[in-house]
Amino acid sequence: MNTDFFIDLLHQVKDFENSDAHKPNSSVEDFRLWLNDKKYREESPTKLFTTEEHEVSFTENEICKQVLLLGRYSRQLIRKGLGEFPNLANEEFTYLYRLKDEPDLTKIQLIERNGHEKQTGTQIIKRLLESGMIEERNDAEDRRSKRLKLTAKGEEVFHESIESVNKTSQLLSGKLAKEEREELLKLLKKLNEFHSHLYHEYKNSGFNDMIQLL
């Protein structure tokens, strides 16, 4: 490490202090986030389109990319946050918590509530059954259906894992202010309502049928 490194670092700090991101009580973490954002903007893949003859929906592409990245980050964080509950770390906790909120759902209902394909949801339910956290019974009105509910073990795991899930949720929300969180939640609900409609009404349709909804 030489003197040029420290000179460059001081220049970066000066740029940060002159940026909109800087606040009187800014921390090293704020500076790090600003550097990451600056690097991202400098290397944004959208630059690829400036040399190609394609019409690009920049905002929509960015939304798609940010949603995908957040999904990957959240999965990693959930696995770490639920490290003490390995049987819940691969989306099992969403099924367990849904059954706590809505007892006695059928398998298909539970899978659809979580927006999964049937095969994926069936595997998650199978793992929860094998771990003894949920149990199934025949539907009284439809012999082809099974209804699910938490077992005593499932109830116990639910209560034991609440603190870890709450902490993970707080970390996922980052450093957004209360108003920002409320606005983000409103927008995410609106977006999820649209995709829930696609999921339930157009699951067997082609992509071109879906795009007509825009």
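Table for the structure above
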{"quantity": "Euclidean distance of C-alpha centroids, the range 110-173 and the range 1-19, integer Å", "calculated": "51"}
{"quantity": "30 Å Cα-Cα threshold exceeded, pairs from Lys80/Lys186; Lys80/Lys175; Lys14/Lys190", "calculated": "Lys14/Lys190"}
{"quantity": "Size descriptor, Kirkwood hydrodynamic radius, that averages inverse alpha-carbon separations across the range 68-161, Å", "calculated": "13.7"}
{"quantity": "Theoretical ellipticity at 222 nm over the chain - DSSP helices of four or more residues, -39500 (n - 2.57) apiece, nearest 500", "calculated": "-20500 deg cm²/dmol"}
{"quantity": "Ratio of the Cα radius of gyration of the chain to 2.2 N^0.38 Å, where N counts its residues", "calculated": "1.35"}
{"quantity": "Residue with peak Gaussian network fluctuation, the chain [Cα springs, cutoff 10 Å], from Leu82, Leu33, Leu105", "calculated": "Leu33"}
{"quantity": "Solvent exposure of the range 137-211 as accessible area per residue, Å², 1.4 Å probe", "calculated": "81"}
{"quantity": "Accessible surface of the chain, 1.4 Å probe, proportion on carbon and sulfur as whole %", "calculated": "53"}
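The values are calculated or read from the model by the stated rules, or taken from the named source; none is laboratory data. Fair warning: this is a prediction, and the values are worked out from it, not measured in the lab. Side chains included, ligands, DNA and RNA excluded: accessible areas come from the protein's heavy atoms. Shrake-Rupley method; radii C 1.70, N 1.55, O 1.52, S 1.80 Å.
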